[in-house]
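Right, one structure below, let's go through it.
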């Protein structure tokens with residue numbers, strides 16, 4: 001995923017009301033921009049840290065830009081805009097980067113399914129049947145540790161998605177939980193049991209039911225973000 005034009009650099013002043021961030025651009029301009037991240041952003045931000053943002057000239061937008069990438073307190077880069085995760089995964093699927101999911105004949109987005117009235121991020125159709133793929137963006141990292149964790153806050157919605165995937169797997173349908181690790185310098189992913197033990201338990205139950213769990217890491221810059229390599233999953 002290339003940013004055209006490339007992202008602009010600034011400094012974070014504060015994030016507040018969840019979806020707002022005050023920044024200062026490299027030229028000294030003070031802006032309030034959109035923060036498209038519903039999580040806690042634990043270990044993702046600190047006041048004064050470098051950030052990169054996309055600017056919009058759309059007169060209908062209330063805010064002039066969106067926070068895309070941030071420098072974490074541990075010196076990593078994180079893709080703050082969680083809406084980018086599905087686009088990154090879709091690009092990688094079409095490019096054949098995610099080898100475990102190659103060979104599909106059709107890709108459908110946001111398909112309704114399940115007993116709890118969910119929507120799957122991707123339904124991939126193969127000659128032998130369908131695969132349902134749920135995507136989660138991972139940005140929680142720790143100092144001196146190359147293992148990222150998910151989630152960064154309690155998520156009943158995330159547990160629900162795992163229950164839905166487990167039901168599919170028990171019924172003989174291929175079900176995949178895919179972690180898009182939007183954090184640099186990471187080798188593996190684990191459930192954040194210390195933050196959401198219910199989610200960690202749901203993940204273990206899903207794996208027991210036959211759900212496949214994959215994690216892929218990204219390269220991150222102001223010019224481009226790409227899904228590039230498979231990471232280990234520690235359950």
Check your understanding: Of all the residues that make up the stretch 28-54, how many are at pLDDT below 95 and more than 16 Å from residue 152 (Cβ to Cβ)?
Key -> 1
Point to revise | Exclusive hit being surrounded by 14 or more Cβ atoms within 10 Å (Cβ to Cβ), over 27 Å from residue 185 (Cβ atoms) and either over 17 Å from the mean Cα position of the chain (by Cα) or not assigned by TED's automatic domain parsing to the domain that holds residue 21 (or both), set 153, 166, 148 | key: 166
Review point. Can residue 133 be described as under 16 Å from residue 232 (Cβ atoms) and in the same structural domain as residue 99 (by TED's automatic domain parsing)?
Key: no
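Conditions (1) under 18 Å from residue 219 (Cβ atoms); (2) in the same structural domain as residue 218 (by TED's automatic domain parsing); (3) touching a residue at least 12 places away in the same chain (Cβ under 8 Å); (4) out of contact with any strand residue (DSSP E or B) (no Cβ under 7 Å at 6 or more places or on another chain), marked per residue:
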{"site": "35", "(1), (2), (3), (4)": "no, no, yes, no"}
{"site": "47", "(1), (2), (3), (4)": "no, no, yes, no"}
{"site": "50", "(1), (2), (3), (4)": "yes, no, yes, no"}
{"site": "56", "(1), (2), (3), (4)": "no, no, no, no"}
{"site": "64", "(1), (2), (3), (4)": "no, no, yes, no"}
{"site": "68", "(1), (2), (3), (4)": "yes, no, yes, no"}
{"site": "97", "(1), (2), (3), (4)": "yes, yes, yes, no"}
{"site": "100", "(1), (2), (3), (4)": "no, yes, yes, no"}
{"site": "108", "(1), (2), (3), (4)": "no, yes, yes, no"}
**Study point:** Failed item, numbered, when residue 94 is tested on (1) assigned to a helix (DSSP H, G or I); (2) at pLDDT below 95
**Key:** (2)
Check your understanding: Applying the selection to the stretch 205-235, what residues are more than 18 Å from the chain's Cα centre (by Cα) and loosely packed, with under 14 Cβ neighbours inside 10 Å?
Key -> 208, 223, 235
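The values are calculated or read from the model by the stated rules, or taken from the named source; none is laboratory data. This is a predicted model, so every value here is computed, not measured. In this analysis, Cβ positions are derived from the backbone assuming ideal geometry, glycine residues included, and neighbour counts consider all displayed protein chains.
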